[in-house]
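Readers should treat all values here as calculations from the given coordinates under stated rules, not as data from a laboratory. These figures come from a predicted structure and were not determined experimentally. Using ideal geometry, Cβ is built from the backbone for each residue, glycine included, and neighbour counts are taken over all protein chains shown.
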Amino acid sequence: MENFFIKNLADIQIRELISTNSVIIGLDVGDKTVGVSASDRRIRVASGLSTISRKGNNLDFQLLTKCLQSYKVGLIIFGWPVQMNGIPGKQCEKVLEFVQKLFTYFPCDYAKWDERFSTSVVDRILINANLSREKRKKYIDQSAAIYILQGAIDFLNKNLLFPN
């Protein structure tokens, strides 16, 4: 299925986003929660915004839209949970379904970012920071959204400095 609103990240014009004072939003979409992060206006650093508990209905999208409305969003990056062999699996279908529905509530450009190791890497970082299991559970999804967004920001800035 072709998705006109999902852009290739390599085609994103970061200079346009910076010149319009836009931010990029990062999403880690899970079955139970959605971690949300945002870039600064210079699109250099990702920071956590919130973790939204999913209810499985339109309330998910209304809450997320309310969270995003106070930002000038130029792009939303969502984690693309491909399998270890790089092939999209069942979880990718769920994420795509979520993003397609979110687009009806919050139309803008979207792009995906490979998130294969995001949760495990972030969990290891939080363990090394001596956070309890309870605190890790509270911050894992938001931290994964930060990790996903920072990877995409680094990619965009590298392409800005060293275009092909």
With the contact rule set at Cα under 8 Å and sequence spacing of 6 or more, what percent relative contact order holds for the range 8-161? 33 percent
Reduced to Cα centres, the span from the range 104-119 to the range 13-90 in Å works out to 6 Å
When only Cα pairs under 8 Å and 6 or more residues apart are kept, what is the percent relative contact order across the range 36-121? 27 percent
Using label points projected 7 Å from each Cα along Cα→Cβ, tell me how many nm separate ILE125 and ARG41, to one decimal. 2.5 nm
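Nothing charged except the Cβ atoms of Lys and Arg (+1) and of Asp and Glu (-1): what's the magnitude of the dipole of the range 2-141 about its Cα centre? Round to the nearest 20 debye.
The dipole of the range 2-141 has a size of about 500 debye.
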Taking only the Cα positions of the chain, the convex hull volume per residue in Å³ is 126 Å³
Dipole of the range 8-161 (Lys/Arg Cβ +1, Asp/Glu Cβ -1, origin at the Cα centre): which of ILE14, ASN128, PHE61 lies farthest to the positive side? ASN128
Just to confirm a number: summing +1 for Lys and Arg and -1 for Asp and Glu over residues other than ARG136 whose beta-carbon lies under 12 angstrom from that of ARG136, what do you get? +2
Cβ-based charge dipole, the chain, positive-most Cα from LEU156, SER39, GLY74: SER39
Proximal charge balance of TRP80 [Cβ under 10 Å; K/R count +1, D/E count -1]: 0
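222 nm [θ] for the chain, helices only, -39500 (n - 2.57) per DSSP H run of 4+, per residue, to 500?
Details: 5 runs with 73 residues, N = 164.
Rounded to the nearest 500, the figure is -14500 deg cm²/dmol.
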Could the peptides 16-25, 129-138 be put in order, highest first, of the mean number of other beta-carbon atoms found within 10 Å of their residues? 16-25, 129-138
